[in-house]
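Some notes on the structure that comes next.
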Amino acid sequence: MGTANTYTEQELVQGLKARDQQIFGYLYDHYSPALYGVVLKVLNDENTASDVLQEVFLKIWRSIDKYDTEKGRLFTWMLNIARNTAIDSLRSKGHKLEQKIQELNNDVYLQTSQLTVQPAVDHLGLSKVLEKLNKEQRTIIDLAYYKGCTQEEIARVLDIPLGTVKTRMRNAIIQLRNILKQL
Amino acid sequence: MDVQRYISSGIIESFVAGLATDQEVRELQASMVQFPEIKAAVEAVQLDMERYVNMQSVTPPEVVKDRVFQLINNEGVETAVPVSGGSYSEEESGYPDEPKVVQLVSPVWKYVAAAAIIGLLASVWMNVQYFNSSNEWQGKYQALLTDKDKMMADNQVMQTRMDESEKMLSTLRTMKMVPMYTVTPTRPGLLATVYWNPKSEEVLLTVNNLPAPAPDQQYQLWGIVNGKPVDAGVFDMDKASKGFAKMKTMVAGAQMFAITLEKKGGSPTPTLTAMYVAGKVSG
């Protein structure tokens with residue numbers, strides 16, 4: 001969203017609630033790469049990801065009346081829809097935990113060759129982030145956010161006591177935030 | 001609530017990463033309303049997480065946008081949402097002019113009917129389930145009632161035994177103890193003890209060591225009053241060797257107690273050759 005927004009968030013929400021297709025088109029153009037990025041990383045499969053992205057935008061269009069400004073920003077709300085829809089789809093496929101880890105490790109969309117042809121990706125920033133996060137930090141964040149793993153599952157994967165998962169998560173995200181600050 | 005501690009507990013990061021449990025989410029949302037610093041902390045972490053997520057953006061295939069718009073446009077016709085955007089009253093007024101409305105009615109009824117039938121079937125099924133489970137519960141309830149009655153009865157028996165024991169213990173304290181030892185060297189080490197209250201004339205007997213009698217025989221207790229044996233009754237070995245056997249009363253003048261082995265049911269006079277143990281009442 002480096003391009004100058006011609007709409008404020010409030011205008012976007014109002015437009016959507018009024019079923020303004022022009023506004024919806026604008027919303028799609030600006031946010032679909034971020035949402036597709038989430039969906040694709042969750043599912044690791046382009047075909048399913050396209051279907052799920054379509055579902056995500058239909059949900060946004062249909063349930064905008066449920067969006068509550070008080071509860072957070074529009075982008076957060078849309079990300080949640082994308083993440084939840086994709087994770088639901090992942091669960092319906094019954095992926096095993098090991099498979100999820102495998103997918104995160106073999107994430108083809110993070111390969112530089114792919115990144116160069118995807119202009120939406122801030123690949124320089126991302127590669128810096130990935131360089132500075134250690135494997136455990138990246139795993140804990142990605143397993144939770146992109147694979148919808150529970151605290152129990154993460155404790156099992158990292159072989160750490162359940163009670164320390166939240167602390168590890170905090171440390172990982174603090175590290176992530178420090179890296180982002182330096183970009 | 002210690003806000004700083006809560007903020008640094010990792011709960012916020014877990015929430016933003018989608019790791020928090022439902023309960024933790026509810027807790028956090030409640031404290032966000034209550035404490036602005038928690039809300040600010042959540043928003044700060046959220047912003048950075050979104051930045052990280054945003055960095056991994058990928059442009060979706062062109063076709064998705066077309067499909068989405070096609071779908072919402074079709075939807076627009078079906079539900080008569082005005083494309084130009086407008087109030088909901090236009091949406092309602094849009095209905096009568098549409099020829100499709102007529103077609104819309106019948107599919108809706110089809111669904112309603114289908115739903116009603118499914119609902120009915122589900123209800124029948126539920127009733128059967130309830131009937132079965134209610135029968136099952138009825139049986140379990142009866143079993144429980146029987147168990148309860150049995151336990152009450154058992155309890156009653158225990159209570160009676162307890163009362164008896166307690167009474168016996170307090171009686172024992174006031175009784176004279178008369179140990180009876182072996183009388184013939186051929187049968188060494190025998191011992192039985194009489195507890196006797198000369199006032200109430202009550203007699204209890206406990207057997208410490210006596211050989212088991214033959215099936216057609218029984219031990220009999222005697223009190224010796226002024227040199228003459230007085231029957232104190234036969235007793236059940238099992239009861240007397242495990243606890244106390246209540247014997248016939250014995251008059252205050254008894255100077256001795258003795259046990260002889262007699263035929264089953266006892267004898268009017270003791271068989272002196274078969275006297276096993278005897279003991280003097282102490283002054």
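The values are calculated or read from the model by the stated rules, or taken from the named source; none is laboratory data. Given the structure is predicted, the values throughout are model-derived calculations rather than measurements. When we count neighbours, we look across all protein chains shown, and the Cβ atoms used for this are built from the backbone with ideal geometry, even at glycine. Ligands, DNA and RNA are excluded from the accessible area calculation, which covers all protein heavy atoms including side chains. Shrake-Rupley method; radii C 1.70, N 1.55, O 1.52, S 1.80 Å.
Brief remarks follow.
- Summed over the range B:64-77, the residues that are within 13 Å of A:F57 (Cα to Cα), of a type in the set (V, I, T) and surrounded by fewer than 16 Cβ atoms within 10 Å (Cβ to Cβ) give a count of 0.
- Tabulated pairs, the range A:154-183, first over 21 Å from B:V45 (Cβ atoms), second open to solvent by 70 Å² or more (accessible area, probe 1.4 Å) and not in a helix (DSSP H, G or I), C-beta under 8 angstrom, 6+ apart or interchain: A:A155/A:P161
- One residue from B:P229, B:P185, B:P198 being over 48 Å from the mean Cα position of the chain (by Cα), of a type outside the set (S, T, N, Q) and open to solvent by 90 Å² or more (accessible area, probe 1.4 Å): B:P185
- Residues satisfying the stated conditions in the range B:17-31, i.e. more than 7 Å from chain A (Cβ to nearest Cβ) and either farther than 19 Å from A:Y146 by Cα or touching a residue at least 12 places away in the same chain (Cβ under 8 Å) (or both): B:Q23, B:E24, B:R26, B:E27, B:L28, B:Q29, B:A30, B:S31
- Residues that are part of a helix (DSSP H, G or I), surrounded by fewer than 18 Cβ atoms within 10 Å (Cβ to Cβ) and away from chain B (no Cβ under 11 Å), drawn from the range A:27-49: A:T48
- Residues satisfying the stated conditions in the range B:1-60, i.e. under 42 Å from the mean Cα position of the chain (by Cα) and of a type in the set (S, T, Y): B:Y6, B:S9, B:S14, B:T21, B:S31
- The lone exception for B:E91 - which of (1) modelled with pLDDT under 85; (2) open to solvent by less than 60 Å² (accessible area, probe 1.4 Å); (3) facing chain A (nearest Cβ under 7 Å) it fails: (3)
- Contact map, the range B:32-61: first residue more than 7 Å from every other protein chain (Cβ to nearest Cβ), second residue of a type in the set (D, E, K, R), Cβ cut-off under 6 Å, separation 6 or more or different chains; pairs are B:M32/B:K39.
- Per the listing B:V225, B:V194, B:V230, B:V281, the residue uniquely more than 21 Å from B:E164 (Cβ to Cβ) and in contact (Cβ under 8 Å) with a residue 60 or more places away in the chain is B:V281.
- Meets criteria (touching a helix residue (DSSP H, G or I) at 6+ places or on another chain (Cβ under 9 Å) and assigned to a helix (DSSP H, G or I)) for B:V58: no
- Unique match (being within 12 Å of chain B (Cβ to nearest Cβ) and part of a helix (DSSP H, G or I)) among A:V52, A:V13: A:V52
- Subset of the range B:232-261 that is touching a helix residue (DSSP H, G or I) at 6+ places or on another chain (Cβ under 7 Å) and not polar (S, T, N, Q) - its residue that is most open to solvent (accessible area, probe 1.4 Å): B:F244
- Being at pLDDT 90 or above and at positive phi is a property that does not hold for B:G85.
- Enumeration of residues in the range B:1-30 that are surrounded by 19 or more Cβ atoms within 10 Å (Cβ to Cβ) and either out of contact with any Lys or Arg (no Cβ under 8 Å at 6 or more places or on another chain) or part of a helix (DSSP H, G or I) (or both): B:I7, B:I11, B:I12, B:E13, B:S14, B:F15, B:V16, B:A17, B:A20, B:L28
- Entirely in the range A:84-183, the helices (runs of 4 or more DSSP H) that have 1 or more residues that are at pLDDT 85 or above and outside the structural domain of A:E46 (by TED's automatic domain parsing): A:123-132, A:135-147, A:151-158, A:165-182
- Subset of the range B:155-182 (residues that are at pLDDT 85 or above and either assigned to a helix (DSSP H, G or I) or open to solvent by 90 Å² or more (accessible area, probe 1.4 Å) (or both)): B:N155, B:Q156, B:V157, B:M158, B:Q159, B:T160, B:R161, B:M162, B:D163, B:M177, B:Y181
- Counting only residues that are closer than 13 Å to A:K147 by Cα, open to solvent by 20 Å² or more (accessible area, probe 1.4 Å) and in contact (Cβ under 8 Å) with a residue 24 or more places away in the chain, the range A:73-89 holds 2 of them.
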